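Take a look at the structure set out below.
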Amino acid sequence: MPSSSEVTVVTPRLCFVGPMLGRHPGRVASQGETLAALFAQLATSSAVSPTVRAGRAAVDLFRWRDRIDVVVVMVFSGRAFAHADLASAVGRAIGKKVVLHLHGGNLPAFARRHPVWARRVLARADAVVAPSSYLARAFGAGGRPVTVIPNVLSLDAYDYLERGPVRPRLLWMRAFEPLYRPAMALDVLAGVRRSVPDARLTMAGPDGGMAGEIRRRAAAMGLGGGVDFPGVLDAGGKARAFADHDVLVSTSSVDNAPVTVLEAAASGVPVVAASVGGLPDLLTDGVDALLVADGDAGAMADAVVRLVGDAELVRRLSRNGRRLAERSDWSEVRPQWEALFAGVVARS
């Protein structure tokens, strides 16, 4: 008999289904794409067109049906929910176990608007996973168990630097879309500059239709020389951005467990965030981040100025942020997924 240390965990054959767009320029890799790569398993689809992506995923599932034990479906709100509906239905049709992986701060509101549709899709699942207790509460209220498994990082990709005294170098890293309120980041910079005139802001991320508007707004506010727009950053670009900046500002109106926040924490960058969605579950005010009221640019600016003047607070947030990120390291997250898959496969 092998000792317990010699027992090998066998991962069932998986197929991750969702927006696998990270290979395209200007697109960000999803957690499904990241997990598929880490597990070295099948993934579909990378088509940019949502319609083509949904169709290709359905075809791939049928084509790969003899190579799959478990279908892991990324579930987002809006039009993407229809893709999850189709993928979960196909997974069931080909006789496979189905795991639904919930994502996005808008998903609870979407499920409240479409309760019958949401229940129908959830009923197909052998297991439901969420990266935060925020989503777990929202979808577990009906008695359906939801397993919380954090979003995953590979910590060795992030160089940790404990911050002490910080410079007023702010980083905002999301898509230029209304949901993430990029204009609020400019208001925060303007507020910080009233106390710290040399404050600067970098706004990085894909253009969701607002990038031009935000550039014009920055110029009109007299901030043009103090705001950089590098576009979408690759892994190396992110590492440099975290090394070159001392505060991440999160202005989103809705959020869940954003990987950007975890990446900043892994790098030792203190986070100042609007207290929305799942962020109060992920972050603890004054311990590993500073949280401010939803939409309050003035309070966020004051929090940044507070960090500039309080090196001990910065050190505390930096150290505890790293500890928070360590819970998302692949070495910690992988056993949780393996245990879930083992339980799913074991159930008849």
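The values are calculated or read from the model by the stated rules, or taken from the named source; none is laboratory data. Keep in mind the model is a prediction, meaning the values are calculated, not measured. Cβ sites come from the backbone with ideal geometry, for glycine too, and all protein chains shown count toward neighbours.
General observations
- Test: residue in region 227-248 that is without any contact (Cβ under 8 Å) to a residue 40 or more places away in the chain, in contact with a strand residue (DSSP E or B) (Cβ under 9 Å, 6 or more places away or on another chain) and of a type in the set (Phe, Trp, Tyr): yes
- Extreme residue, farthest from the chain's Cα centre (by Cα), among residues of region 34-45 that are not hydroxyl-bearing (Ser, Thr, Tyr) and not in a loop (DSSP other than H, G, I, E, B): LEU42
- Looking at ARG167, ARG112, just one residue is assigned to a loop (DSSP other than H, G, I, E, B), modelled with pLDDT under 95 and charged (D, E, K, R), and that residue is ARG167.
- Selection status of ASP255, in contact (Cβ under 8 Å) with a residue 24 or more places away in the chain, surrounded by fewer than 24 Cβ atoms within 10 Å (Cβ to Cβ), among the acidic types (Asp, Glu) and closer than 21 Å to PHE176 by Cβ: no
- Within region 63-77, the presence of at least one residue that is modelled with pLDDT under 95 and hydroxyl-bearing (Ser, Thr, Tyr) is confirmed.
- Every pair of residues 6+ apart whose Cβ atoms lie under 6 Å, when the first sits in region 32-50 and is small (Gly, Ala, Ser) while the second is part of a loop (DSSP other than H, G, I, E, B): GLY32/GLY18; ALA43/MET20; SER46/MET20; SER46/ARG23
- Residue within region 261-283 that is touching a Pro at 6+ places or on another chain (Cβ under 7 Å) and either in a loop (DSSP other than H, G, I, E, B) or assigned by TED's automatic domain parsing to the domain that holds PHE176 (or both) present: no
- Residue match in region 232-243 (condition: in contact with a Pro (Cβ under 9 Å, 6 or more places away or on another chain), over 18 Å from SER318 (Cα atoms) and modelled with pLDDT of 95 or more): no
- Residue identified as in contact with a Leu (Cβ under 9 Å, 6 or more places away or on another chain), outside any loop (DSSP other than H, G, I, E, B) and not assigned by TED's automatic domain parsing to the domain that holds PHE176 among VAL73, VAL48: VAL73
- For PHE139, the stated conditions do not hold, so it cannot be described as over 22 Å from GLY321 (Cα atoms), touching a helix residue (DSSP H, G or I) at 6+ places or on another chain (Cβ under 6 Å) and of a type in the set (Phe, Trp, Tyr).
- Among the numbered conditions (1) more than 17 Å from the chain's Cα centre (by Cα); (2) within 23 Å of GLY26 (Cα to Cα), the only one that GLY222 does not meet is (2).
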